[in-house]
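**Q** Quick one: this structure, given as C-alpha cells, is what I'll be asking you about.
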Amino acid sequence: MKKIFTLLVMVALAACWTSCSDDDDKNEPDPTIPTMNEIILSIETGSHPIKFFKPDYIGEFGEEWEEEILPYIQVPQDLEINWGDGQTTNSTTHQYEIEGTYQITIKGTNLTSFIFENEQVKNIDVTKAPNLVVLSLYLNEINKLDISKNTNLTYLMCTNNELSSLDISNNLTLKLLDCSDNNPFSETSFKELLNDLPNRNNSSKGYLYIDNPNNWDVSTAENKGWQVN
C-alpha cells in the first residue's frame with residue numbers, strides 16, 4: 001500500500017511539473033512571430049523637414065563601411081510614426097507647422113537601423129528596439145544612452161553628443177564604436193568601456209574611435225582585437 005501511495009504522489013508531482021512547464025512555455029515569446037520594435041525620442045525642431053530611414057545613407061560611418069552597413073538600412077513595411085503633433089503616418093518625412101520640442105514614437109517589426117544625425121535630439125529610448133544592428137546619433141544633444149537591450153547592435157556612432165559614460169556590457173556583437181567628441185569620459189568610465197568591449201580576437205577586427213587616444217592606456221582594447229583611433 002505504501003508503494004502504491006508513493007507512486008501516486010510521484011505521478012501527481014510529474015503531472016504538476018508538466019502542467020507548470022506548459023504554462024512556462026506559454027509565457028515564452030514565440031521566435032517565429034515578429035516582435036514590434038519601438039524607438040521614442042525627443043527632438044527640438046525648426047521649420048525644416050524631418051526625414052528618417054534614408055535607404056542609401058550611411059551617415060558619418062563613412063564609405064568604407066557602406067558594403068557592410070547598407071543591407072541593414074531599410075524601411076520597415078509596417079512602419080508607423082507618431083510625430084507628436086497629433087499626426088501618425090507611415091511616411092518617413094514630416095514637416096512641423098510650429099517650431100518646438102516634440103516626442104516622436106517610431107514603430108516597426110524589422111527595425112534594424114536608425115540613423116538620425118544633426119537634428120538636436122535631446123533624449124532617445126531604444127530599449128524596445130532589440131533588432132537594431134546599426135545606430136548613428138551623430139551631432140545631437142544626448143547625455144544618456146541605454147543600449148543594454150540592443151544585443152544585436154554591431155555598428156554604433158554616438159559622436160558629438162553630451163555623453164560622459166557608455167555601458168556596452170551587453171553588446172557582445174559590437175564591431176564599430178565611435179564615441180568621440182563627447183563630454184570627457186572620466187578615467188573610471190573609460191576603463192569600464194574598454195573592459196566591456198567584446199573580444200574580437202577570433203573574428204574580424206573591431207574599431208574604436210575616442211578622443212585623444214594617445215593620452216589613454218588602450219592596451220585592454222588592443223588585446224581584445226580592437227584598433228583604437
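**Q** Can you tell me which condition Thr127 does not meet? The list is (1) within 26 Å of Asn90 (Cα to Cα); (2) surrounded by fewer than 22 Cβ atoms within 10 Å (Cβ to Cβ); (3) more than 13 Å from the chain's Cα centre (by Cα), and all the others hold.
**A** Of everything listed in (1) within 26 Å of Asn90 (Cα to Cα); (2) surrounded by fewer than 22 Cβ atoms within 10 Å (Cβ to Cβ); (3) more than 13 Å from the chain's Cα centre (by Cα), Thr127 misses just condition (3).
**Q** Could you please find all residues in the stretch 55-89 being more than 19 Å from the chain's Cα centre (by Cα) and either surrounded by 18 or more Cβ atoms within 10 Å (Cβ to Cβ) or part of a loop (DSSP other than H, G, I, E, B) (or both)?
**A** The answer is Asp56, Gly62, Gln77, Asp78, Trp83, Gly84, Asp85, Gly86, Gln87.
**Q** Can you tell me which residue is farthest from Asn229 (Cα to Cα) among those in the stretch 130-153 that are polar (S, T, N, Q) and crowded, with 19+ Cβ neighbours inside 10 Å? Reasoning before the result, please.
**A** Here is the first cut: in the stretch 130-153, the ones polar (S, T, N, Q) are 131, 136, 140, 143, 148, 150-152.
Filter again for crowded, with 19+ Cβ neighbours inside 10 Å, leaving 131, 136, 140, 150.
On the way: Asn131: 28, Ser136: 18, Asn140: 22, Asn150: 24 Å.
The selected residue is Asn131.
**Q** Here are some conditions: (1) free of Cβ contacts under 8 Å to residues at least 24 places away in the same chain; (2) surrounded by fewer than 19 Cβ atoms within 10 Å (Cβ to Cβ). Asp181 meets all but one. Which one does it not meet?
**A** That leaves (1) as the condition not met.
**Q** Quick one: Thr45 ticks every box in (1) at pLDDT below 90; (2) over 20 Å from Ile147 (Cβ atoms); (3) surrounded by fewer than 18 Cβ atoms within 10 Å (Cβ to Cβ) bar one, so which box is it?
**A** Unmet condition: (3).
**Q** Same structure again: Would you be able to tell me the number of residues in the stretch 90-109 that are under 18 Å from Ile124 (Cα atoms), surrounded by fewer than 15 Cβ atoms within 10 Å (Cβ to Cβ) and among the small types (Gly, Ala, Ser)?
**A** Within the stretch 90-109, residues that are under 18 Å from Ile124 (Cα atoms), surrounded by fewer than 15 Cβ atoms within 10 Å (Cβ to Cβ) and among the small types (Gly, Ala, Ser) number 1.
**Q** Could you tell me whether any residue of the stretch 15-36 is modelled with pLDDT of 85 or more and out of contact with any Pro (no Cβ under 7 Å at 6 or more places or on another chain)?
**A** Filtering the stretch 15-36 for residues modelled with pLDDT of 85 or more gives 36.
With out of contact with any Pro (no Cβ under 7 Å at 6 or more places or on another chain) added as a condition, the list becomes 36.
The answer is yes, given that some residue of the stretch 15-36 is modelled with pLDDT of 85 or more and out of contact with any Pro (no Cβ under 7 Å at 6 or more places or on another chain).
**Q** From Glu187, Glu162, Glu222, grab the single residue that is without any contact (Cβ under 8 Å) to a residue 24 or more places away in the chain and touching a strand residue (DSSP E or B) at 6+ places or on another chain (Cβ under 7 Å).
**A** Details: Glu187 fails: touching a strand residue (DSSP E or B) at 6+ places or on another chain (Cβ under 7 Å); Glu162 fails: touching a strand residue (DSSP E or B) at 6+ places or on another chain (Cβ under 7 Å).
Sole residue among the options that is without any contact (Cβ under 8 Å) to a residue 24 or more places away in the chain and touching a strand residue (DSSP E or B) at 6+ places or on another chain (Cβ under 7 Å): Glu222.
The values are calculated or read from the model by the stated rules, or taken from the named source; none is laboratory data. Being a predicted model, the structure only gives us computed values, none of them experimental. Positions of Cβ are backbone-derived with ideal geometry, glycine not excepted, and every protein chain shown enters the neighbour counts.
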